[in-house]
Amino acid sequence: MSRVPTFRLDRLLANLGYGSRREIQALARAGAIILDGARLRAADERIPVTRDLPERLTVGGVALDPPPGLVLMLHKPTGVTCSHKEAGPLVYGLLPERWRRRDPPLSTVGRLDKETSGLLLLTDDGALLHRIISPKAKVAKRYRVELARPLAGDEGALFASGTLMLEGEDKPLLPVELVAEGPTRASVTLTEGRYHQVRRMFAAVGNHVTALHRDRVGRLDLPADLAPGAYRILGEAELAQVFDEGR
Ligand code: URA
């Protein structure tokens with residue numbers, strides 16, 4: 001028995017943001033939708049939604065958008081917010097306009113602060129999103145940090161101790177690994193994602209983070225050729241790297 005989900009064409013395209021079901025029906029009637037070289041004129045036809053559908057189906061001569069189950073990596077620049085509704089530039093504004101009308105919607109996997117740059121995952125797969133951010137999954141996130149003042153030398157031991165309590169919280173942080181990379185530079189690797197965690201950790205030791213960049217999630221590195229503001233669809237192998245606990 002096939003496990004490939006099938007969707008009505010009008011529902012699939014409406015959920016991908018191509019318009020209302022009525023508009024999709026009109027597109028189909030006009031012969032604008034082609035599957036495997038043949039015009040699909042019946043919008044109620046059920047079609048198997050496979051990963052390769054964009055290679056087989058065109059709308060108005062253009063390849064179909066990626067079907068649901070989409071995972072992206074974005075090089076988040078500073079100055080954009082991980083939110084669907086806040087004022088100012090949003091990460092979703094870096095994606096194709098139609099993708100903002102998808103249902104299920106694309107959401108960021110956790111958040112990076114407005115002034116933090118680096119590797120940000122987005123997905124429309126809610127179960128996957130929770131699998132990545134769940135504290136149980138212990139997915140490591142590595143940040144490169146620039147500091148206002150030189151490291152004192154004892155931060156690494158304190159961060160690794162599992163006893164550091166952030167202001168206003170009642171549970172200590174899980175151990176964080178710090179690697180000094182210069183007098184005012186370090187990388188930190190953490191498995192939690194508390195609010196402004198890295199900035200607050202350094203504030204707790206009397207320092208101040210002047211720049212913060214995430215370059216790794218699990219064992220998935222931000223590719224050097226992915227420019228700030230650019231994104232890429234994640235393949236199965238790259239997604240597996242997110243959950244890879246090896247070093
Ligand atoms: N810690 C922070 O302080 N900010 C981020 O964006 C991520 C981790």
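Taking H placed 1.01 Å from N in the peptide plane, check which residues at least 5 places from Glu115 or on another chain put their amide H under 5 Å from its amide H.
Gly79
Could you work out what % of the accessible surface of the range 139-209 is carbon and sulfur, using a 1.4 angstrom probe and leaving DNA, RNA and ligands out of the count?
For the range 139-209, the apolar C and S fraction of the accessible surface comes to 54 percent.
Taking amide H positions as placed 1.01 Å from N in the peptide plane, with prolines and chain starts having none, which residues 5 or more places from Ala186, or on another chain, fall under 5 Å of its amide H?
Val145, Glu181
Classify the range 6-63 as rounded, prolate or oblate from the Cα gyration tensor: take a ≥ b ≥ c as the square roots of its eigenvalues, call it rounded if a/c is under 1.5, otherwise prolate when a/b beats b/c and oblate if not.
Note, shape of the range 6-63 comes out rounded.
Let me make sure I get this right: for the range 92-207, a, b and c are the square roots of the gyration tensor eigenvalues over alpha carbons, sorted descending. Under 1.5 in a/c it's rounded, otherwise prolate if a/b > b/c, else oblate. Which is it?
prolate
Within the range 161-180, what residues put their amide N at less than 20 Å from the label point 7 Å along the Cα-to-Cβ vector of His196?
Answer for the range 161-180: 164-174.
Enter the accessible area of His130 (Å², nearest 10), with the probe set to 1.4 Å and all protein chains included.
Approximately 120 Å² for this residue.
Just the accessible area per residue of the range 91-247, please: how many Å² with a 1.4 Å probe?
53
Looking at the range 141-217, what % of the alpha carbon pairs are farther apart than 22 Å?
Taking all Cα-Cα pairs of the range 141-217, the fraction more than 22 Å apart is 12 percent.
Can you work out the Karplus-derived ³J(HN,Hα) for every residue in the range 80-96? Use 6.51 cos²θ - 1.76 cosθ + 1.60 with θ = phi - 60°, whole Hz, and x for glycine or proline.
10, 9, 7, 7, 7, 9, 5, 6, x, x, 10, 4, 5, x, 8, 9, x
For the chain, what value does the Rg/Rh ratio take when both radii are computed over Cα atoms and Rh is the Kirkwood radius, given to two decimals?
Rg divided by Rh gives 1.08.
Pull up all non-local amide H partners of Leu40: gap of 5 or more, or a different chain, and H-to-H distance under 5 Å with H placed in the peptide plane.
Long-range HN contacts for Leu40: Ile33, Ile34, Leu35.
Residue by residue, what Karplus-based ³J(HN,Hα) values in Hz, rounded to whole numbers, does the range 100-112 have, using 6.51, -1.76 and 1.60 with θ = phi - 60° and x for Gly and Pro?
6, 9, 6, 9, x, x, 7, 10, 6, 8, x, 9, 10
The values are calculated or read from the model by the stated rules, or taken from the named source; none is laboratory data. In this text, all values refer to a predicted model and were calculated from it rather than measured experimentally. Every residue, glycine among them, receives a Cβ derived from its backbone with ideal geometry; neighbour counts consider all protein chains shown. Protein only, heavy atoms only, side chains kept; ligands, DNA and RNA dropped before computing areas. Shrake-Rupley method; radii C 1.70, N 1.55, O 1.52, S 1.80 Å.
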